[in-house]
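Presented below is the structure to which this report refers.
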Amino acid sequence: MHQREAKSDLASSGGARGGQLALDAAQASATPTIAATARIVARLKDLPGPLLPVLHEVQHELGCIPAEAVQTIAEALNLSRAEVHGVITFYPHFRSEPAARHTIEVCRAESCQAMGADQLAAHARAQLGCDFHASTADGNFTLEPVYCLGLCAQSPAVMIDGQPHARVTPAKLDRLLARTLETTP
Ligand code: FES
């Protein structure tokens, strides 16, 4: 079976097999992370294919998917930690550490690549002093790749804190970063 299909099957399994005892114990946990994760799993575990909805909701609520949340999710959905970790690492959207104050997503898909996204990505890495999937030392920016923002006709495209920007040159990116810090430091 292809790796992507295998991950997809894994992401759609687990809810029907229970894990209620683990969930009850987690909900009574003293740590806010585990308690919040257990609440989310309890709410979503009966969905068909609960793992991905749970991961999305945990990241939405906690800002990332911490290691202790992985343990709780695995036990409650009767999966191994390695299986949950495998799905988290397979999808670039999921993060194990909290993002910085601002998130910069540079499109790396085909149309943007043809219009200079590689140079733009190199410029972003140099300016921020960090690679993709990492944050600047001052905690201001997290740099992430994204694969098509629906702005292919106006490539290359960038998303900053959920706001799309088209035809982004290195100079325009510098202005956008400066403006981001000015308006929401
Ligand atoms: S390929 Fe970059 S926006 Fe579509």
Counting only residues that are assigned to a helix (DSSP H, G or I) and either at pLDDT 70 or above or over 20 Å from Ala82 (Cβ atoms) (or both), the range 24-59 contains a total of 25
Among the residues of the range 136-159, the number that are surrounded by fewer than 21 Cβ atoms within 10 Å (Cβ to Cβ) and of a type in the set (Ser, Thr, Tyr) is 2
Residue count, the range 111-136, condition in contact with a Pro (Cβ under 9 Å, 6 or more places away or on another chain), more than 14 Å from the ligand (Cβ to nearest atom) and part of a loop (DSSP other than H, G, I, E, B), comes to 2
Expected single match for under 21 Å from Gly63 (Cα atoms), within 16 Å of the ligand (Cβ to nearest atom) and under 22 Å from the mean Cα position of the chain (by Cα) among Gly162, Gly150, Gly139 is Gly162
Quick count over the range 60-100, residues being closer than 28 Å to Thr183 by Cα and either modelled with pLDDT of 95 or more or buried (at least 20 other Cβ atoms within 10 Å of the Cβ) (or both), is 0
Those residues of the range 72-101 which are assigned to a helix (DSSP H, G or I) and under 17 Å from Arg43 (Cα atoms) amount to Thr72, Ile73, Ala74, Glu75, Ala76
Within the range 168-185, the residues that are under 13 Å from Met115 (Cβ atoms) and exposed (fewer than 14 other Cβ atoms within 10 Å of the Cβ) are Thr169
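The values are calculated or read from the model by the stated rules, or taken from the named source; none is laboratory data. In this text the structure is predicted, and so the values were computed from the model without any measurement. As a convention, Cβ positions derive from the backbone with ideal geometry for all residues, glycine included, and neighbour counts pool all protein chains shown.
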